[in-house]
Every structure is written in structure tokens, then in C-alpha cells.
Amino acid sequence: MNYQSLAAVHQAINDGKISCLDVVNFHLTEIDKHPDYNIFLEVFYGEARQRATLIDEKMKRGNAGKLAGMVVALKDNICYKDHKVSASSKILDGFESLFSATVVERLLAEDAIIIGRTNCDEFAMGSGNENSAFGPVKNPLNPRTVPGGSSGGSAAAVAANMCQIALGSDTGGSIRQPASFTGTVGLKPTYGRVSRHGLIAYASSFDIIGPIAKSVEDAALIMEVISGSDSFDSTCTKREVGKYSQALENNTIKRIAYIKEAIDSPGLDPEVATQFNNKLESLQKAGYTVEAIEFPYLDF
């Protein structure tokens with residue numbers, strides 16, 4: 001049941017092959033297979049199953065939200081009312097949030113199913129998910145390696161099929177880097193695009209919540225739901241939320257830029273450099289415009 005997008009899940013549900021409850025049980029089974037990965041700090045077994053049953057009924061009636069059947073994990077620094085949140089720190093051990101983050105409220109309003117909270121670097125400070133008070137997370141692609149951080153638990157959960165999508169937070173790479181380590185799709189939205197209300201901050205002037213997914217399509221869909229202005233976050237833009245999922249159908253040739261100093265850096269692993277340059281060549285052959293841009297302050 002390893003569906004790569006919510007559209008595929010919806011198609012299977014509409015064809016009568018599976019139900020939302022089946023989807024939840026599949027992910028719960030995958031979670032139970034690998035407690036040694038130390039990905040989840042808490043799993044909402046009963047709550048997720050109960051919510052899936054209710055959403056199955058809504059789907060039969062034809063009034064379910066656009067995220068019905070999507071199983072979501074939350075990084076343990078995103079607040080969910082009446083649920084524990086610790087930022088993977090014993091400082092907050094046992095604390096239950098009094099409110100839900102704006103992104104959580106928006107997910108629930110569209111009938112997403114929240115399955116649990118994922119391990120992360122303590123207070124989101126780290127890049128390997130080794131700095132959690134509850135132990136390191138292992139990369140499901142190779143348990144001898146780290147999944148990256150600080151949103152390593154969220155990225156690992158998606159990579160290990162423990163959920164369809166997960167939310168993380170990114171200050172200086174904490175979504176993008178673990179996504180690259182685990183072969184998932186990670187997006188740090190533009191600052192102000194997504195409300196930070198309910199996020200336990202590392203650095204408020206940089207932090208932003210974003211998705212880690214199996215597909216670009218699901219990341220676009222989630223962005224349509226969680227984006228938008230919020231009276232609880234004065235830094236949120238009031239610009240209209242784009243139709244990101246529809247934009248994926250636009251097959252126009254794109255311009256792609258890369259930072260020249262990053263590729264020329266002597267600290268870059270030769271294997272990574274080779275693979276990156278191969279990707280640039282393949283994009284050029286596919287008709288994309290690929291240009292180097294200079295950023296002389298990278299060392300600073």
C-alpha cells in the first residue's frame with residue numbers, strides 16, 4: 001500500500017480497494033516494525049484510527065476535505081491542542097499544548113489524519129538528529145547513518161512509509177537537508193508564506209514550517225492548505241495563496257540557477273559534485289536554461 005501521492009490514495013479509496021482506516025493501519029504497522037529507528041516520540045494509535053473511521057463516512061457522503069486520507073506526522077516542535085509537545089527536550093517533558101498551531105488547524109479542517117509526533121534535534125538545534133534528549137534518529141535508507149536534521153524524524157517517517165507526509169521546520173536547512181538525506185521531497189517556503197503560530201521557535205526571524213513528502217504533488221497540495229495570512233502571526237504575508245498543484249501541470253521551460261561558489265568549493269565531496277553536475281547536464285539536455293550565479297559571500 002505504498003502509494004506515492006494522495007491522488008493515488010483517493011483513487012484506490014474511490015475504487016473500493018482500500019479505506020482511510022486501511023491507510024492508517026498500514027502506516028501504524030510500518031511504525032511498529034522499526035521502533036529501533038527511534039523516529040516517533042509518540043504515536044496516536046486510537047485517535048488516528050477513530051478519525052480515519054469518521055473520515056471514511058464523510059467520503060461516502062461526499063463531503064470530505066481535500067486532504068481526506070492523508071496521514072500526517074508532526075515534528076515535535078509544532079503544537080497540537082491537548083497533545084504533548086516537547087521539542088525533543090526533557091525541559092518540556094510532560095507538557096501538553098493548550099492550543100493548536102495554525103498549520104495543524106488548517107490540516108484538520110481539510111480532514112488530514114495526524115498520526116503522531118516525530119523526534120527532532122532538541123529545540124530544532126542540530127543537523128543530524130543526534131541531539132535529541134530521547135536519542136538519535138536512524139536513517140531508514142541506511143540505519144548506520146543519520147537522517148539529517150533538525151527535522152530528521154519527520155523526513156525519516158516519510159521515507160520509512162510511516163506516514164504520507166510530515167511537517168518540519170526550517171531555519172537554515174532543517175527541512176531541505178534531511179529531505180536530501182532520505183530521498184524525500186522537502187520544501188522551505190518563503191518566509192511569511194506559512195504561519196509560525198504554534199511553532200516552538202529556534203530563531204523566529206528565520207523559522208518557517210514546511211512539508212516533507214513523497215511527491216512534489218503532495219507538497220504542493222499541502223502548501224495550498226497551510227499557507228495564507230494569519231492574525232496570530234504579524235509576519236505572515238497577505239498575498240493570495242497560489243494554486244500550486246495546478247502550476248505543476250504547466251510544462252513551460254524553466255530557468256534554473258545554481259550558486260557557482262558552492263559547486264567550486266574545495267569542501268564539496270567529489271561524488272556529490274559529480275552527481276550534481278550530471279543533474280545539471282541532464283536538465284540542459286531536457287531543454288531547461290541552467291545558469292551559474294555568483295555569491296561571493298558564501299564563506300562568511
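The values are calculated or read from the model by the stated rules, or taken from the named source; none is laboratory data. Since this is a predicted model, take the numbers as computed values, not measurements. Reconstructed Cβ throughout: ideal geometry from the backbone, glycine too, with neighbour counts over all protein chains shown. Accessible surface areas use protein heavy atoms only, side chains included; no ligands, DNA or RNA. Shrake-Rupley method; radii C 1.70, N 1.55, O 1.52, S 1.80 Å.
Any residue at all in the range 216-228 that's farther than 28 Å from Glu96 by Cβ and outside any helix (DSSP H, G or I)?
No, the range 216-228 contains no residue that is farther than 28 Å from Glu96 by Cβ and outside any helix (DSSP H, G or I).
Which of the following residues is free of Cβ contacts under 8 Å to residues at least 60 places away in the same chain and of a type outside the set (Asp, Glu): Val225, Val290?
Criteria check complete, one pass: Val290.
Collect the residues in the range 161-214 that are within 9 Å of the chain's Cα centre (by Cα), open to solvent by 10 Å² or more (accessible area, probe 1.4 Å) and small (Gly, Ala, Ser), keeping them in residue-number order.
Gly186
Given the conditions (1) in a loop (DSSP other than H, G, I, E, B); (2) over 23 Å from Thr171 (Cβ atoms); (3) in contact (Cβ under 8 Å) with a residue 12 or more places away in the chain, which single one is not true for Glu249?
(3)
Restricting attention to the range 44-90, which residues are farther than 16 Å from Arg106 by Cβ, open to solvent by 60 Å² or more (accessible area, probe 1.4 Å) and in a loop (DSSP other than H, G, I, E, B)?
Gly62, Asn63, Asp82, listed by residue number.
Hey, does the range 92-106 have a residue that's in contact (Cβ under 8 Å) with a residue 40 or more places away in the chain, of a type in the set (Ser, Thr, Tyr) and more than 14 Å from Gly198 (Cβ to Cβ)?
No; the residues of the range 92-106 include none that is in contact (Cβ under 8 Å) with a residue 40 or more places away in the chain, of a type in the set (Ser, Thr, Tyr) and more than 14 Å from Gly198 (Cβ to Cβ).
Determine whether Arg144 is among the basic types (Lys, Arg) and not in a helix (DSSP H, G or I).
The answer is yes for Arg144.
Could you tell me whether His27 is within 15 Å of Cys163 (Cβ to Cβ) and either open to solvent by less than 10 Å² (accessible area, probe 1.4 Å) or touching a strand residue (DSSP E or B) at 6+ places or on another chain (Cβ under 6 Å) (or both)? Steps first, answer last, please.
Details: within 15 Å of Cys163 (Cβ to Cβ): yes; either open to solvent by less than 10 Å² (accessible area, probe 1.4 Å) or touching a strand residue (DSSP E or B) at 6+ places or on another chain (Cβ under 6 Å) (or both): yes.
For His27, the condition - within 15 Å of Cys163 (Cβ to Cβ) and either open to solvent by less than 10 Å² (accessible area, probe 1.4 Å) or touching a strand residue (DSSP E or B) at 6+ places or on another chain (Cβ under 6 Å) (or both) - is met.
When the range 157-180 is examined, which residues are found to be β-branched (Val, Ile, Thr) and either free of Cβ contacts under 8 Å to residues at least 40 places away in the same chain or in contact with a strand residue (DSSP E or B) (Cβ under 7 Å, 6 or more places away or on another chain) (or both)?
Val158, Ile165, Ile175
One line per residue, one yes/no per condition, for (1) part of a strand (DSSP E or B); (2) aliphatic (A, V, I, L, M):
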residue	(1), (2)
Ser245	no, no
Ile253	no, yes
Ala257	yes, yes
Pro266	no, no
